[in-house]
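> I am attaching a structure below and will ask some questions about it afterwards.
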Amino acid sequence: MLQYETMLHTDSKYIKLVSSRLRNFKQKDAYLWNFSCPICGDSQKNKLKARGYVFKKGNDLFYRCHNCGIGTSLANLLKNLDTALHSEYVLERYKTGESGVKNYSNEAISVPSPKFGRLQKSKVFEHAEWINKLSSEHFCLVYASKRLIPTQFYDKLLFTSHYKQFITSLVPNHGKQLLDDARLVIPFYNVYNELIAVSGRALETSDKTLRYVTIRVKESDDKLIYGLDRVDLDKPVKIVEGPIDSMFLSNCVASGDANLTIVAKDIDCAKKILIFDNEPRNKEIVKMMQDAIKSGHNIVIWPDTIKSKDINEMVMSGISVDEIESIISTNSFTDIKAQMRFVSWKKI
């Protein structure tokens with residue numbers, strides 16, 4: 001154990017030695033450092049972006065960039081930055097008594113392609129079909145049409161008549177008690193186009209069971225966010241509650257619940273607009289909006305003329321998407337203005 005602590009101490013020493021060459025370098029925890037990626041440059045437009053992380057994994061430190069997707073050992077990162085310092089690092093690790101091929105192994109850094117490591121999305125799923133392939137009379141397509149879901153999302157949504165079988169094919173050991181019912185399936189992807197979760201909306205049994213059942217496909221403690229695969233982080237990002245609501249707005253992601261501030265913390269962009277549901281009598285929503293204002297977030301306070309609860313209801317009530325975008329733009333506030341509008345908006 002003492003040997004491993006010495007190795008980690010050595011790793012920590014060398015990441016600090018090279019810190020002056022890393023833009024926006026910050027130490028966030030005992031074994032967690034954040035800085036702008038020296039491989040891809042992170043962002044040409046926003047020099048404050050920092051999506052590179054050195055973190056502890058087992059008894060070593062590793063590097064990962066959440067922009068270009070590169071992942072490698074600390075040794076290879078050092079070698080890329082300063083070959084002389086890398087040689088000193090290898091020698092010092094060796095002196096600690098480490099042997100064999102470990103963190104300082106001479107593996108090459110693989111620079112990602114211009115697509116920044118994005119994968120090809122899965123096109124075929126067992127026990128499910130893309131809804132744009134369904135007949136116009138199919139009840140799932142009829143449901144989507146009644147909800148006025150934009151047709152450009154029809155090839156991004158699935159239908160399954162056997163949700164339990166569909167989930168079991170994706171996650172064989174999910175251990176969940178699921179009904180084998182018909183559902184509209186909303187796939188969640190990360191920034192690399194990896195499928196991370198699916199959410200099934202009941203079409204026939206919502207009066208008997210949970211309307212939405214969401215299952216993670218990849219194990220993670222990260223907050224689930226819908227729309228990361230299509231959002232542009234160099235532009236203002238809108239954050240709403242429901243995935244279907246996000247389909248109507250430009251450059252928008254969804255939380256899947258009212259915890260929009262958690263999503264805001266996880267998204268690295270210049271500007272974020274939090275769009276809570278229009279429920280002035282909902283204690284949970286009111287409290288979360290109050291907390292968001294206190295945290296300095298830019299949030300939408302819906303005007304009294306809007307009676308609908310969420311974006312989808314607004315569209316179904318006859319308000320055009322362009323008008324909704326305009327309402328959002330003119331009713332987004334921070335700090336004192338947000339607090340003043342919020343006090344008159346809430347009804348509890």
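> Using a Förster distance of 30 angstrom, determine the FRET efficiency expected from the C-beta separation of residue 19 and residue 59, and round it to 0.05. Spell out each step's value before the answer.
Working: r = 22 Å, r/R0 = 0.72.
Efficiency computed from Cβ-Cβ geometry: 0.85.
> So what is the relative contact order of region 237-345, in percent, for Cα pairs below 8 Å that sit 6 or more residues apart? Mind dumping the intermediate values first?
Details: 158 pairs, mean separation 27.2, N = 109.
Reported as a whole number, the value is 25 percent.
> State the three equivalent ellipsoid semi-axes of region 2-95, derived from the C-alpha gyration tensor as the square roots of 5 times its eigenvalues, in descending order and whole Å.
On the way: eigenvalues 105, 38, 24 Å².
Equivalent-ellipsoid dimensions as semi-axes: 23, 14, 11 Å.
> By counting other Cβ atoms within 10 Å of each Cβ, how are 65, 269 ranked from fewest to most? It would help to have the intermediate numbers written out before the result.
Numbers: 65 24, 269 17.
Fewest-to-most ranking of 65, 269: 269, 65.
> With a sphere of radius 15 Å drawn around the Cβ of residue 293, what net charge do the other residues whose Cβ falls strictly inside it have (Lys, Arg +1; Asp, Glu -1)? List each step's numbers first, then the result.
Details: positive: 272, 287, 294, 337, 341, 346; negative: 291, 335.
Charge balance in the 15 Å sphere: +4.
> With n ≥ 4 as the cut-off for DSSP H runs, can you work out [θ] at 222 nm for the chain, using -39500 (n - 2.57) per run divided by the number of residues, rounded to the nearest 500?
Details: 11 runs with 103 residues, N = 348.
It lands at -8500 deg cm²/dmol.
> Then there's this: Say each of residue 173 and residue 84 gets a label point 7 Å from the Cα, pointing the same way as Cα to Cβ; how far apart are those two points in nm?
Computed distance between label sites residue 173 and residue 84 equals 5.1 nm.
> How many angstrom lie between the Cα centre of region 250-294 and the Cα centre of region 33-77?
Using only Cα atoms to place each centre, the spacing works out to 28 Å.
> I've got another one for you. Among the trypsin sites (Lys or Arg not before Pro) within region 269-348, which fall in a DSSP loop and have no more than 12 other Cβ atoms within 10 Å of their own Cβ?
Working: sites: 271, 272, 281, 283, 287, 294, 307, 309, 337, 341, 346, 347; in loops: 271, 281, 307, 309, 346, 347.
Here the trypsin sites (Lys or Arg not before Pro) that fit, given the DSSP loop and packing criteria, are 271, 281, 307, 347.
> If you don't mind, there's one more thing I want to ask. Can you work out the Karplus-derived ³J(HN,Hα) for every residue in region 74-88? Use 6.51 cos²θ - 1.76 cosθ + 1.60 with θ = phi - 60°, whole Hz, and x for glycine or proline.
Using θ = phi - 60°, the values come out as 4, 4, 6, 5, 4, 4, 5, 8, 7, 5, 5, 5, 4, 5, 4 Hz.
> How long is the gain from residue 151 to residue 321 if the chain were fully straight, where each residue apart is worth 0.36 nm and the alpha carbon distance is subtracted?
Working: separation 170, 0.36 × 170 = 61.20 nm, distance 1.39 nm.
Here the segment from residue 151 to residue 321 would lengthen by 59.8 nm.
> Restricting attention to the chain, give the cysteines that have no other cysteine Cβ less than 4.7 angstrom from their Cβ.
Singleton cysteines: 140, 252, 269.
> While we're here: With labels modelled as points extended 7 Å from the Cα through the Cβ direction, what inter-label distance (nm, one decimal) is found for residue 212 paired with residue 47?
4.1 nm
Any read-out appearing in this document is the output of simple, stated calculations on the displayed coordinates, not a laboratory observation. Because the structure is a prediction, the values reported are computed rather than measured. As a convention, Cβ positions derive from the backbone with ideal geometry for all residues, glycine included, and neighbour counts pool all protein chains shown.
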